[in-house]
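Right, one structure below, let's go through it.
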Amino acid sequence: MIKARVIVTLKNGVLDPQGKAIEGALGGLGFDGVGSVRQGKVFDVELSSTDAANAEAEIKAMCDKLLANTVIENYSVTLI
């Protein structure tokens, strides 16, 4: 079994209103010095495959088709 962690983040230049709201809330809670906050998503996926190269290719296909909107989001895949 192979496990992978996928991290999906907004591309630079894409507005992130949720990140801005979190940034403001942190300041309101007294956390000074927070420059900016960008939010994202994390997916932990388990595959029954034993071939790491095939598993990584399959995870990337999942990202391209469903897990990430590649027009506005970047993703990274790490086998864990």
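How many residues are under 17 Å from residue 12 (Cβ atoms) and either part of a strand (DSSP E or B) or in contact (Cβ under 8 Å) with a residue 24 or more places away in the chain (or both) when one looks only at the range 42-80?
The qualifying residues number 6.
Using the structure shown, decide if residue 33 is exposed (fewer than 12 other Cβ atoms within 10 Å of the Cβ) and small (Gly, Ala, Ser).
Yes.
Name the pairs whose Cβ atoms lie under 7 Å apart, with the first residue in the range 2-19 and on the phi < 0 side of the Ramachandran plot and among the basic types (Lys, Arg), the second at pLDDT below 95 and part of a loop (DSSP other than H, G, I, E, B), and 6 or more positions between them or separate chains?
Cβ pairs passing all conditions: 3/80; 5/80.
The values are calculated or read from the model by the stated rules, or taken from the named source; none is laboratory data. Note that the coordinates shown come from a computational prediction; the quantities given were computed from them, not determined experimentally. When we count neighbours, we look across all protein chains shown, and the Cβ atoms used for this are built from the backbone with ideal geometry, even at glycine.
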